[in-house]
Amino acid sequence: MVNMVQTRAGEVAYSDTGEGPVVVLLHATLHDRHDFDAIVPGLRDDHRVIALDWPGHGDSPAPSRPPTAALYADVLADVVATLDLPPAAYVGNSVGGFAAARLAITDPQRVSRLVLVNSGGFIASPAANLYCRMLGMPAVMKRVLPRFVRSYMKATSDNDRAVQERVLARAKTPDGVSLTAALWRSFANPDYDLRPHAERIAAPCLVIWGSKDTAIPMRLGRATAAAIPGSRLELLPTGHVAFSSDPAGFLAIATPFLAAAHGSVQ
């Protein structure tokens with residue numbers, strides 16, 4: 001069932017299933033909440049699982065203002081406030097990781113646990129910013145996007161291939177190219193760099209990285225973990241969407257970590 005919630009960027013679609021401590025799932029650029037379909041059954045027996053579609057993605061209409069990573073983080077804050085969520089665990093992939101980490105910084109009482117999967121937010125550098133600005137040019141993005149998707153996905157599972165097909169379909173549309181380019185441009189903005197504020201992340205943080213990712217390579221996973229005090233890094237032999245490519249491996253790492261937030265694991 002699809003639910004809708006109003007945010008400052010317009011309506012946002014989300015699914016809400018299961019009962020127990022809340023886990024919020026946040027997907028990558030041009031993807032959607034169904035990226036998580038392979039792990040939701042393993043989570044919902046013990047958790048209330050909420051999965052969002054960012055504005056302009058999945059079942060959410062296009063945003064009412066220009067899309068940026070910071071706007072999506074604002075959208076997350078609006079969803080959390082409107083749904084009046086208790087302290088929750090957040091699993092964020094790519095730009096979803098940025099949004100989750102920013103919430104942990106700006107409103108730490110809302111975040112009980114943080115799982116960052118091939119995440120943005122902690123990897124800014126002059127070279128990275130130049131790369132993001134280049135991909136933020138619609139003409140460049142249109143040319144490279146389908147090949148880029150196949151490269152970072154490293155699709156191996158049926159769920160991977162379904163994810164890739166959905167993303168490639170969007171990548172071939174003018175709206176998909178425009179949205180993706182706008183978000184990549186925003187990755188070069190100063191407000192995308194969370195490193196100066198990382199010490200304010202009070203929630204326990206687990207960094208899970210697909211080591212074969214070409215969008216945010218492994219060395220940046222290590223840099224992300226190093227930037228967040230007390231975080232733990234775990235690697236999986238996958239591309240950018242580790243929980244889709246290796247759901248069993250992902251859950252074997254993430255489930256005990258999530259359970260510890262509500263006292264199931266000592």
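As a proxy for reagent exposure, ranking Met1, Met153, Met218 by other Cβ atoms within 10 Å from fewest up yields Met1, Met218, Met153. Is the C-alpha gyration tensor of the range 171-265 telling us rounded, prolate or oblate? Criteria: a/c under 1.5 is rounded; beyond that, a/b larger than b/c is prolate, otherwise oblate. Since a/c reaches 1.5 but b/c is at least a/b, the shape of the range 171-265 is classed as oblate. Under a 5 Å amide H cut-off, with hydrogens placed 1.01 Å from N, Ser211 pairs with Leu236, Thr238 among residues at least 5 apart or on other chains. Close amide H contacts of Gly10 (hydrogens built in the peptide plane, cut-off under 5 Å, sequence separation of 5 or more or a different chain): Ser64. What FRET efficiency comes out for the pair Leu130/Gln6, r = Cβ-Cβ distance, R0 = 30 Å, nearest 0.05? It comes to 0.25. Among Ser244, Ser94, sorting on how many other beta-carbon atoms sit within 10 Å of each Cβ, with the fewest leading, yields Ser94, Ser244.
Where a ≥ b ≥ c are the square roots of the eigenvalues of the C-alpha gyration tensor, would you call the range 53-184 rounded, which needs a/c under 1.5, or, failing that, prolate if a/b is larger than b/c, or oblate?
Prolate shape, in that a/c is at least 1.5 and a/b is the bigger ratio.
Taking 17 Å as the straight-line reach from the Cα of Lys212, the aspartates and glutamates in range (excluding those fewer than 8 positions away in the same chain) are Asp160, Glu234, Asp246.
Counting only DSSP beta bridges whose two residues both lie in the range 10-72, roughly 55 percent are antiparallel. Each residue of the range 172-180 was assigned a 3J(HN,Hα) from its phi angle through the Karplus expression (A = 6.51, B = -1.76, C = 1.60, θ = phi - 60°), giving 8, 9, x, 5, x, 5, 4, 5, 5 Hz with x at Gly and Pro. Residues within the reach of a label modelled at Ser211 (point 7 angstrom out along Cα to beta-carbon, backbone nitrogen below 12 Å), restricted to the range 218-259, are 218-219, 234-239.
Couplings 3J(HN,Hα) for the range 111-126, derived from phi with the Karplus relation 6.51 cos²θ - 1.76 cosθ + 1.60 (θ = phi - 60°), are 10, 8, 8, 9, 10, 9, 10, 6, 8, x, x, 10, 10, 5, 6, x Hz, where x marks Gly and Pro. Here Lys142 is the anchor, and the lysines within straight C-alpha reach of less than 16 Å, apart from those fewer than 8 places off in the same chain, are Lys172.
About the centre of its Cα atoms, the chain shows a dipole size close to 1040 debye [charges on the beta carbon of Lys, Arg (+1) and Asp, Glu (-1) only; nearest 20 debye]. Karplus-based coupling profile of the range 229-242, in residue order and whole Hz: x, x, 6, 10, 9, 10, 10, 10, x, 10, x, 5, 10, 4, with θ = phi - 60° in 6.51 cos²θ - 1.76 cosθ + 1.60 and x standing for Gly or Pro. For the pair Arg161 and Ala226, the difference between a 0.36 nm per residue extended length and the Cα-Cα distance amounts to 20.2 nm.
Nearest 0.05, what FRET efficiency do Ala248 and Leu83 give at R0 = 22 Å with Cβ-Cβ as r? Could you put the intermediate results ahead of the total?
Numbers: r = 30 Å, r/R0 = 1.36.
Once the sixth-power term is evaluated, E becomes 0.15.
For Trp54, the residues whose amide H sits under 5 Å from its own are His27, ignoring neighbours fewer than 5 places away on the same chain, with H placed 1.01 Å from N. Ranked by how many other Cβ atoms sit within 10 Å of their own Cβ, fewest first, the residues Phe98, Phe187 fall in the order Phe187, Phe98.
A short reminder: the numbers here are calculations on the coordinates, not readings from a lab. Predicted model only: the values in this text are computed from it and were never measured. Using ideal geometry, Cβ is built from the backbone for each residue, glycine included, and neighbour counts are taken over all protein chains shown.
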